[in-house]
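Here's the structure, in structure tokens; my notes come after.
The values are calculated or read from the model by the stated rules, or taken from the named source; none is laboratory data. All of these numbers come straight from a predicted model, not from anything done at the bench. Cβ placement follows ideal geometry from the backbone for every residue including glycine, while neighbour counts extend to all protein chains displayed. Heavy atoms of the whole protein, side chains included, go into the accessibility calculation; ligands, DNA and RNA do not. Shrake-Rupley method; radii C 1.70, N 1.55, O 1.52, S 1.80 Å.
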Amino acid sequence: MSLTQQASTKIYSGLWLILATWFRVPKEPPALPHHDATAVESLRPSEAWLRYLKFQFWIFLSILDGAIFIAWIACTAAVPLLGAILFLPMLALAILPDIVAYIAIHLRYDTTWYILTDRSMRLRRGIWQINETTITFENIQNVVVQQGPLQRWFGIADVLVQTAG
């Protein structure tokens, strides 16, 4: 692991600890009631899903920040003094939301859990508001797997579980 990767990992670990403590986000997977003989498997999303989210983030970021930069250039060309005054606010408007969104992507990944037993599955996700959904296999009516070209490229798919009622 390179020095920059080690540094970013330490920074994120510290940031995760602060935010997880602040929002009281549990780092461990949720527990399902089960018999001792029942196997319980706790799964995290694939790292390919994180790469997919980051890819979408960078595409959206390029478009949004490009539009902000073009608007600033147009403003600077029309009124140079106004462009100079708006330089720092433009920079803050372009960069600060990007940092928050990038951290939120990692927090979304780190707070998503899939718990499977022989009778049910539970999905936990969320940062600000933690949502847990438990579905017993008896109630599942249909399972749909959808995969677009970009998802196929990343090796992931959406699994939609449809229940009765």
Potential extension, Val100-Gln147 segment - 0.36 nm per residue separation minus Cα distance: 14.1 nm
Nitroxide proxy distance, nm - points 7 Å out along Cα→Cβ at Ala67 and Leu19: 2.4 nm
Stokes-Einstein translational diffusion, the chain - Kirkwood Rh over all Cα pairs, 0.692 mPa s, 37 °C, in µm²/s: 169 µm²/s
Portion, in percent, of the accessible area of the range 21-136 that falls on carbon or sulfur, probe 1.4 Å: 69 percent
